[in-house]
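A.B. asks: Attaching a single structure in structure tokens format; questions to follow.
The values are calculated or read from the model by the stated rules, or taken from the named source; none is laboratory data. Bear in mind the structure is a predicted one, so any value in this text is a computation, not a measurement. Positions of Cβ are backbone-derived with ideal geometry, glycine not excepted, and every protein chain shown enters the neighbour counts. The area values use the complete protein model at the heavy-atom level, side chains included, leaving out ligands, DNA and RNA. Shrake-Rupley method; radii C 1.70, N 1.55, O 1.52, S 1.80 Å.
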Amino acid sequence: MKDIQQTYMVSSVAQVNATYFCLTLDAPALAKQVKPGQFIHIKVSDGFEPLFRRPFSVYRAQKGRVEIFFEPVGRGSKFLAEKKKGDTLDVLGPLGKPFTLPGKNVKQVVFIAGGIGVAPFMMFSDRLKGHKAEKILLYGGRTKAHTFAMNEFKKNGVKTFVATDDGSVGIQGRVSELFPKIDIASTTMMYACGPKPMMKAVAEFAKEKGLRGEASMEEIMACGLGACLGCSIPTTKGYRTVCHDGPVFNLEELIFS
Ligand SMILES: Cc1cc2nc3c(=O)[nH]c(=O)nc-3n(C[C@H](O)[C@H](O)[C@H](O)COP(=O)(O)OP(=O)(O)OC[C@H]3O[C@@H](n4cnc5c(N)ncnc54)[C@H](O)[C@@H]3O)c2cc1C
Ligand code: FES
């Protein structure tokens, strides 16, 4: 516990557009250790409210700094949005099982993200810069304001395809309408993160086409350490905790009701 629980200084908090915030921590040890798909569990206030920590994917880890990318949806994330440079945060991490890196034989890597589910893929695409595979991101967001990160992905050599609910950018519709962009003939590895209906659609597509893939699941968490079982989800191997056995699972293990 001692090793993974640390206090880090906030080096910046920026509202990057109408929807999203980026919070950066000075955290050299964490930046070195963390792998794509892992998360950090943050105590967002000094008091007892809110009582539980809040989990966030690591968006970027470089030059001794760790960034999270988030949408303030409730009390905890709104506390984070109000942090200032020089504040400190008590952080547990890195936690959870990371994504499996694609092998050298993988010819196409497909990231499939819905909304804030895009967060773990930025760091993943940073780490895959030297991998020869074609990298594509199929992204579904509510509006243009939710497509903020696309330019950064392009800088990492990732081809991006976007679907928005209102058609303000990309095609109008769901991310599953972008599945024809996946080159089934290549050795493909799919990685998904987003709302459950999207994950279900990805899992069904992978099964139908015989493709391999992993999904990063989200559940409301308490301990974040596999102790309280509060974040358990049904899998083909029985109930598994998202915080400790996941958040990354093989697509074929997941059971969607
Ligand atoms: C492994 C993991 C990684 C995550 N990474 C990110 C990230 O990179 N960026 C980001 O913005 N968010 C991320 N989340 C979601 C984030 O943890 C929640 O949005 C946050 O905890 C909400 O806390 P709150 O106090 O602001 O909202 P609350 O007041 O607690 O809740 C506001 C609303 O969000 C819902 N909610 C709360 N927690 C979750 C959750 N874990 N999953 C789904 N819905 C939830 C509640 O049911 C409620 O409707 C991640 C969650 C997990 C489990
Ligand atoms: S949050 Fe306690 S077991 Fe996952």
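A.B. asks: Can you give me the orientation-averaged projected area of the convex hull built on the Cα atoms of segment 5-95, in nm²? Before the final figure, lay out each step's value.
C.D. replies: Values: hull surface 21.2 nm².
That works out to 5.3 nm².
A.B. asks: Near LYS200, which lysines are there with a Cα under 16 Å away, not counting those fewer than 8 places off in the same chain?
C.D. replies: List returned: LYS209.
A.B. asks: On to the next question. What whole-number distance in Å separates the alpha-carbon centres of segment 110-141 and segment 226-253?
C.D. replies: About 23 Å separates the Cα centre of segment 110-141 from the one of segment 226-253.
A.B. asks: When the dipole is taken about the Cα centre of segment 50-147, and only Lys, Arg (+1) and Asp, Glu (-1) are charged at their Cβ, what size is it in debye, to the nearest 20?
C.D. replies: Once rounded to the nearest 20, the dipole reads 180 debye.
A.B. asks: Something else about it: Please report the antiparallel percentage of the DSSP beta bridges confined to the chain, to the nearest 5.
C.D. replies: 55 percent
A.B. asks: Roughly how many nanometres apart are two label points built 7 Å out from the Cα toward the Cβ at GLN33 and ILE171?
C.D. replies: Calculated label separation equals 4.3 nm.
A.B. asks: Please tell me which of these pairs span more than 20 angstrom C-alpha to C-alpha: LYS35/LYS63; LYS107/LYS144; LYS35/LYS84? Walk me through the numbers before you get to the answer.
C.D. replies: Values: LYS35/LYS63 15 Å; LYS107/LYS144 30 Å; LYS35/LYS84 26 Å.
The pairs that break the limit, which is 20 Å between Cα atoms, are LYS107/LYS144; LYS35/LYS84.
A.B. asks: Using 1/(1 + (r/R0)^6) with R0 = 30 angstrom and r between the beta carbons of THR100 and ASP46, what's the FRET efficiency to the nearest 0.05?
C.D. replies: FRET efficiency, THR100 to ASP46: 0.20.
A.B. asks: Another question, then. Using a simple spin-label model with points 7 Å from Cα along the Cα→Cβ vector, what separation in nm is obtained for ASN250 and LYS200?
C.D. replies: Computed distance between label sites ASN250 and LYS200 equals 2.3 nm.
A.B. asks: OK, next. For the chain, modelled as a GNM with alpha-carbon contacts under 10 angstrom, which of GLY246, GLY170, GLY37 fluctuates the most?
C.D. replies: GLY170
A.B. asks: Ranked from the most accessible area to the least, with a 1.4 Å probe and all protein chains present, what is the order of ARG75, ARG127? Working shown, then result.
C.D. replies: Numbers: ARG75 130, ARG127 105 Å².
If we order ARG75, ARG127 from most to least accessible, we get ARG75, ARG127.
A.B. asks: Run the numbers on the chain and let me know its relative contact order in percent, using alpha-carbon pairs under 8 Å that are six or more apart. Numbers along the way, then the final one.
C.D. replies: Values: 579 pairs, mean separation 45.5, N = 257.
This gives 18 percent for the chain.
A.B. asks: Beyond 31 Å, what percent of the Cα pairs of the chain remain? All intermediate terms of the calculation are to be shown ahead of the outcome.
C.D. replies: Numbers: 6917 of 32896 pairs.
So the pairs more than 31 Å apart make up 21 percent of the total in the chain.
A.B. asks: Quick one: if the Förster radius is 30 Å, what FRET efficiency do ASP183 and GLU82 give, using the C-beta to C-beta distance and rounding to 0.05? Present the calculation step by step, with values, prior to reporting the outcome.
C.D. replies: Details: r = 44 Å, r/R0 = 1.47.
FRET efficiency, ASP183 to GLU82: 0.10.
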